[in-house]
Amino acid sequence: MLIDTHAHLNFPQFKDEHEQLVQNAALAGVGIIINVGTNLDLSRLVIDMAAGHEQVFATVGFHPHDVEKVDQPGLNDLEALVGSEKVVGIGETGLDFYRDYAPRDLQEEVFRWHIRLAKACSLPLVIHSRGAEDRVLEILGSEGANVVGGVLHCFGGNIEQASRGEELGFYIGMGGTVTFKNSNSLSVAAAVTKERLLLETDCPYLAPVPFRGKRNEPAYVLHVADAIAKKMGISDKELAEATTLNAVRLFNLPNVK
């Protein structure tokens, strides 16, 4: 079995297709999907979808692109969602210094709030980092985020930064970029300790080859797994078993066979 540890099934690209997406994933051997919230409204939607699908779990958070829309009532409302059934993580949160859609100091303030919430609730973090890997790692260290750990999702940093993330107790999430010829993601993925590697799609974005340029979906995590297994020189089965165990351990998931 495979697990897609980062999907956005409630984004508009998937309107009215939820049943088909879950079925497609199951047929591809993807037994569990972590559906990720990026603002208050979407966090509510991912919880609702998880309630209706045994294979789907939810995380709640504010993406760094959205932090200018965050106010104290919104933070309070998000915190209240944490106790909802099948919420298994806090995020997507973090820093994005590549797009810079929000002031960096505000991104950092909201990021730290998420870390403290995760620690208070004993839930793992789902971390977005683009163009900000060193700063993300610094903040995780200073806030003691190793207490709960989490995943550096769709990791775009280098091998040294991935290693630092592992030392902080975090898993490294790798997706469709491992199949892109112009990316170093595959080399980074192969250097990650197998016991710290997670698979994801980040769908509807970053579809792997042979679907690059098209809409991504959880079933396609199979191609991510295949590329990494080949690069590591191990069987697809061995990689699937390792990454599934990692996801089960991190998110406290049922170990579906």
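The values are calculated or read from the model by the stated rules, or taken from the named source; none is laboratory data. From a predicted model like this one, the values you see are computed outputs, not experimental measurements. Every residue, glycine as well, gets a Cβ built from its backbone with ideal geometry; the counts of neighbours run over all protein chains shown.
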If you go through segment 65-96 one residue at a time, how many are out of contact with any strand residue (DSSP E or B) (no Cβ under 7 Å at 6 or more places or on another chain) and either hydroxyl-bearing (Ser, Thr, Tyr) or within 19 Å of LEU137 (Cβ to Cβ) (or both)?
-> 1
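Matching residues to (1) touching an Asp or Glu at 6+ places or on another chain (Cβ under 9 Å); (2) surrounded by 18 or more Cβ atoms within 10 Å (Cβ to Cβ); (3) acidic (Asp, Glu); (4) part of a loop (DSSP other than H, G, I, E, B):
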residue	(1), (2), (3), (4)
GLU109	no, no, yes, no
GLY157	yes, yes, no, yes
SER163	no, no, no, no
GLY173	yes, yes, no, no
Go over the candidates GLU92, GLU85, GLU79, GLU54 one by one and state the one that is farther than 26 Å from GLY156 by Cβ, in contact (Cβ under 8 Å) with a residue 12 or more places away in the chain and not in a helix (DSSP H, G or I).
-> GLU85
Pick from segment 208-230, criterion more than 17 Å from VAL36 (Cα to Cα) and of a type in the set (A, V, I, L, M), ranking: surrounded by the fewest Cβ atoms within 10 Å (Cβ to Cβ) = VAL209
Going by the structure shown, is ASP48 modelled with pLDDT of 95 or more, more than 19 Å from the chain's Cα centre (by Cα) and of a type outside the set (S, T, N, Q)?
-> no
For ALA50, the lone unmet condition from (1) out of contact with any Lys or Arg (no Cβ under 6 Å at 6 or more places or on another chain); (2) aliphatic (A, V, I, L, M); (3) under 18 Å from ALA247 (Cα atoms) is (1)
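Conditions (1) outside any helix (DSSP H, G or I); (2) of a type in the set (Phe, Trp, Tyr); (3) in contact (Cβ under 8 Å) with a residue 60 or more places away in the chain, marked per residue:
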site	(1), (2), (3)
ILE3	yes, no, yes
ASN24	no, no, yes
ASN35	yes, no, no
ASP48	no, no, no
HIS65	no, no, no
GLU68	no, no, no
LEU75	no, no, no
Only one of GLY149, GLY91 that is surrounded by fewer than 20 Cβ atoms within 10 Å (Cβ to Cβ), under 15 Å from the mean Cα position of the chain (by Cα) and modelled with pLDDT of 95 or more | GLY149
